[in-house]
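Working notes, structure below.
No value in this document is a laboratory result; all are computed from the given coordinates. Everything numeric in this text was worked out from a predicted model, so none of it was measured. So basically every Cβ, Gly included, is an ideal-geometry build from the backbone, and we count neighbours across all protein chains shown.
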Amino acid sequence: MNAKALCWINQVIKPAAEATVSVFDHGLLYGDGIFEGLRFYHGRTFMLEAHLERLELSARAIALELPYSVAHITVAIEQLIEQFDSDTGYLRLVVTRGEGSLGIDPRKCARPALFIIADELSVMDIDDNSQGIKLHIAQTRRLPAQCLDPQIKSLNYLNNILARIEANRAGMDEALMLNLDGYVSEGSVDNIFIVSDGVLRTPRLGDGLLAGVTRAVIIDLARQAGIPCEETSLTLQDLAQAEECFLTGTGAELVPVKQIGERVLAAPDIALTPLLMQRFRARIDEYCG
Ligand code: PMP
């Protein structure tokens, strides 16, 4: 654990190492809870409204009432950022069903618990993202929406973790998951984009992926830049023919992919990825500057 990490819990901010939750918390016992991850740059959050909106959506979807108002949470976030010893970092907002007796029934928990961690972040453990990462095509399929709506950012990430374990075993950096129909869905913690014939393409939400906040920013930036962009079903064949590929996420930001499965991508003559990376950084500076 990073010694600098802070945690807002029960209305106070303390070193994260000193923050505790009960072993009877249903977030821990059953993964019954939700979370959001967001970044701050230059002391300001990036896309806070979108993340809080998604938090509320996740809460509603699992019949969980947020224990504090969005305004209260916003103030807590501001206080955390102010006390964190760097003006750039990552925030993890977690809401659990709270402490209850053993047994899955959420009615056993009197009050949901909320805590927020501020920390540094390096989600992709690779030395130089600009070189690109290696993407493993996982055997583990993304859970269909009929089983667990991918828009719920729940505390149960085992589906994604199983895919990441496969990637780790294959000596690759990240896992790509297909849906049950064999269409490309998303990475274990990020969304995927490809470029083919000058067109930016990303899986449509109906293919069982989280509507990433970063994904939406990239689509917007592409449209602004006049780059044709499609949200559409993608097959493994599309990946095999892609000229460029990158992943997006709050943790990942925008990370180029240099290898998909066995295939190493050749550097294209005119690459869109660096252009979008540049525009993404400019958007951050504009928003948080
Ligand atoms: N898909 C999954 C499964 C994720 O966990 C994340 C990270 N929140 C993303 C996509 C990317 O979403 P965002 O850009 O909102 O961080």
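Here is how the number arises for the chain: DSSP H runs of 4 or more residues each give -39500 (n - 2.57), the sum is divided by the residue count, and the result at 222 nm is -8500 deg cm²/dmol. Taken over region 129-288, the ratio of Cα radius of gyration to 2.2 N^0.38 Å equals 0.97. Region 21-61 and region 221-278 have their alpha-carbon centroids 28 Å apart. Taking a straight Cα-Cα cut-off under 18 Å and skipping sequence neighbours fewer than 8 places away in the same chain, the aspartates and glutamates within cross-link reach of Lys134 are Asp125, Glu166, Asp173, Glu174, Glu186, Asp190, Asp238, Glu243, Glu244, Glu253, Glu262. For Asp181 paired with Ser233, estimate the spin-label separation in nm (one decimal), with each label point 7 Å from Cα along the Cα-to-Cβ line. My value for the distance between the label points is 0.3 nm. From the largest down, region 78-124 spans 41, 27, 10 angstrom on the principal axes of its Cα atoms. Think of region 6-119 as having a plus end and a minus end, set by charges on the Cβ of Lys, Arg, Asp and Glu; of Gly98, Ala71, Ser86, Gly98 sits farthest toward the positive end of this dipole. Across region 6-119 the C-alpha pair distances fall into 10 Å bins from zero in the proportions 14, 46, 32, 8, 0 percent. Here region 129-288 carries DSSP beta bridges of which approximately 65% are antiparallel, counting only pairs with both residues inside. I'd like the distance separating the alpha-carbon centroids of region 173-197 and region 68-99, in whole Å. Value for the Cα centre distance between the two parts: 30 Å. Axis of helix 70-83 versus longest Cα principal axis of the chain: the two differ by about 80°, to the nearest ten degrees. Select from Ile192, Ile165, Ile81 the residue whose mean-square fluctuation is largest in a Gaussian network model of the chain (Cα-Cα springs shorter than 10 Å). Largest GNM mean-square fluctuation: Ile165. Here the convex hull built on the C-alpha positions of the chain has a volume of 134 cubic angstrom per residue.
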